[in-house]
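Participant: I am attaching a structure below and will ask some questions about it afterwards.
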Amino acid sequence: MGNPIKIRMGGYGPPTTSFSRGLKLIGDALSAEFGDRIDVKYVWNIMDFGYRAEDILWLVEDGVLTLGYQSSSYLTDRVPELGFVDLPFLFDQRDKARSAVDGALGQFLAGAIEDRVNYRILGWFENGFRQISNRLRTVRLPADLKGMRMRVLPSEVQARTFELLGAIPLRWDLTEAIAAIKAGTIDAQENPFANTVTYGVHKFHHFHTVTNHFYISRPIFLHRPAFDAWPPDLQRAMRDAVKRAIAFQRELAIEEDREARAAIEGAGCEITALTPDEHFQFRAAVTPLLNEARDTYGGKMFEMI
């Protein structure tokens, strides 16, 4: 028997998150089937070792790690088509969003990534609907965001969204954002509740608003030369394990959201639910961007949802 095939999986959160637990399910499934033929190890949070969250991209592309995940927004500069799923209020229900990323839209975007990046895309974890938190005041209308310095993901579409909503968007990596939030040098951020709690933002931001402004997925990507060199049975097993991990992670994400809301309220923070009219005003404010998107992305991508 030759040397075992090394499989190194990494992310940017503690081992308790749904994403880390999804990676563990993959590793356990592969280890149970292949035993000594493979050697599986994990780097749960690359930020613990001095990396930025965005470094997961090159760590996998260069083969330092075998498999990783990252919010699709981090790849929009290299894969412009991914800006489509950064559009605000593109989805209004979780099931619709999942169907789109598991169907034609997800396949199209996976192909676009593989055309430009040294990855093999095997599926999509759910980061979910994103909400606004800030340290200054209750947010019920776009006018309440006026002048707020807000961290957004590194996506021009997301930056444009919050410009239209009146904020000052800052395209920062997660590591920069966490440091600035703790220092109080920025006012606001947007994230799913689970991320807000995982990174301790609710300890510094009293005000939280349920806007559901973006729905974001996290592609699961492998170092393509490594994956393509594997024997067919291991490739098949990895694809099967990833499929199971996605279903597992998405169910955990729903529970994480409930637990995170409870943690935010338990910390004495305020969670504001918008009325239908208030939510409409957020949608109306970003109408110019949605109108431009028809020209930017064409009707084909809209048909996929």
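The values are calculated or read from the model by the stated rules, or taken from the named source; none is laboratory data. As the structure is a prediction and not an experimental result, all values here were calculated from the model. Don't worry about glycine lacking a Cβ; one is built from the backbone with ideal geometry, like all the others, and counts go over all protein chains shown. For the accessible areas, the whole protein counts, side chains as well, though only heavy atoms, and no ligand, DNA or RNA atoms are used. Shrake-Rupley method; radii C 1.70, N 1.55, O 1.52, S 1.80 Å.
Participant: If DNA, RNA and ligands are ignored and the probe is 1.4 Å, what is the ranking of Glu259, Glu61 by accessible area, most exposed first?
Facilitator: These residues rank, largest area first, as Glu259, Glu61.
Participant: Next question, about the same structure. Determine the per residue accessible area of the stretch 162-243 with all protein chains present and a 1.4 angstrom probe, expressed in square angstrom.
Facilitator: 34
Participant: For Asp295, what accessible area in Å² do you get when you roll a 1.4 Å probe over the heavy atoms of the protein chains, rounding to the nearest 10?
Facilitator: 140
Participant: If amide hydrogens are placed 1.01 Å from N in the peptide plane, which non-local residues have theirs closer than 5 Å to the one on Ile5?
Facilitator: Those qualifying (amide H under 5 Å, at least 5 residues apart or on another chain) are Ile38, Asp39.
Participant: Over the stretch 52-141, what percent of the accessible surface lies on carbon and sulfur atoms, probe 1.4 Å?
Facilitator: 43
Participant: Sequence gap at least 6, Cα distance under 8 Å: using those rules, report the relative contact order of the chain to the nearest whole percent.
Facilitator: Normalised by residue count, the contact order of the chain is 26 percent.
Participant: Continuing with this model, one more query. To the nearest 20 debye, what charge dipole does the chain have about its Cα centre, counting +1 at the Cβ of each Lys and Arg and -1 at the Cβ of each Asp and Glu?
Facilitator: About 240 debye.
Participant: Sticking with this structure for a sec: So for Trp230, Trp172, what's the accessible-area order with a 1.4 Å probe, most first?
Facilitator: Trp172, Trp230
Participant: With every protein chain left in place, what is the accessible area of Arg21 in Å² (1.4 Å probe, nearest 10)?
Facilitator: For Arg21, the solvent-accessible surface is approximately 110 Å².
Participant: Just read off the accessible area of Val286 with the full protein assembly in place, 1.4 Å probe, to the nearest 10 Å².
Facilitator: Counting only protein heavy atoms, Val286 exposes about 0 Å² to solvent.
Participant: Another question, if that's okay. Report the Cα centroid-to-centroid distance between the stretch 2-71 and the stretch 156-200 in angstrom, as an integer.
Facilitator: Cα centres, the stretch 2-71 to the stretch 156-200: 26 Å.
Participant: Quote to one decimal, in nm, the extra length available between Glu176 and Asp28 on full extension: 0.36 nm per residue of separation minus the C-alpha distance between them.
Facilitator: Answer, rounded to one decimal: 49.9 nm.
Participant: Compute a Gaussian network model of the chain, connecting alpha carbons closer than 10 Å, and tell me which residue from Leu170, Leu274, Leu222 fluctuates the most.
Facilitator: Result for the chain, Cα springs under 10 Å: Leu274 fluctuates most.
Participant: Can you tally the net charge around Asn3? Count Lys and Arg as +1, Asp and Glu as -1, for every other residue whose Cβ sits under 13 Å from the Cβ of Asn3.
Facilitator: Once positives and negatives cancel, what remains is 0.
Participant: Take each complete run of DSSP H in the chain, measure how far its Cα atoms stretch along the helix's own axis, and keep only those covering 27 Å or more with mean Kyte-Doolittle hydropathy at least -1.0; list them.
Facilitator: Flagged H segments are 232-266.
Participant: For the chain, what is the mean residue ellipticity at 222 nm derived from helices alone (per DSSP H run of n ≥ 4: -39500 (n - 2.57); sum divided by total residues; nearest 500 deg cm²/dmol)?
Facilitator: Roughly -14500 deg cm²/dmol at 222 nm, from the helical runs in the chain.
Participant: With a 1.4 Å probe and all protein chains left in place, how much accessible area per residue does the stretch 1-88 have, in Å²?
Facilitator: Per residue, the stretch 1-88 has 41 Å² of solvent-accessible surface.
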